[in-house]
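Right, one structure below, let's go through it.
Each reported figure results from applying straightforward, stated rules to the coordinates on display, with no laboratory input. Predicted, not measured: the structure shown is a model, and the values here were computed from it. All Cβ positions, even for glycine, are placed from backbone atoms using ideal geometry, and neighbour counts span all protein chains on display.
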Amino acid sequence: MSGQDRYSVVRTLGDAATMLISEWPGDDGEEYVVAVRTCLDAIRGTTPPNAAREALMRAADEAGIRYLSVVH
């Protein structure tokens, strides 16, 4: 997730986990840590997927990452 014109599409919990763990610009934000934990919990089935989506958006806000959220 480096560079001003970099776009990523997150369709699944696996996509979200990969982005958070492998592509995120920093790993020290409070919302980032919550997003990683919530995403992994959602993958395990102990947290609703929507909670992971909301946590990912809060982490993006914290990191200054702009996003467009579309839910089907």
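Here are the numbers for the structure shown:
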read-out: Spin-label model distance (nm) - Leu68 vs Asp41, 7 Å beyond Cα toward Cβ; value: 3.1 nm
read-out: Global size of the chain as Cα Rg and Dmax, reported in angstrom; value: 11.3, 35
read-out: Mean separation of Cα contacts under 8 Å (6+ apart) over length of region 13-63, as relative contact order %; value: 43 percent
read-out: Cα long-axis angle, helix 49-63 against the chain (0 to 90 degrees, to the nearest 10); value: 30 degrees
read-out: Neighbourhood charge, 15 Å Cβ-Cβ cut-off, centred on Trp24 and excluding it, Lys, Arg +1 and Asp, Glu -1; value: -4
read-out: Label-point separation in nm, Arg11 to Glu54, each point 7 Å along Cα→Cβ; value: 2.6 nm
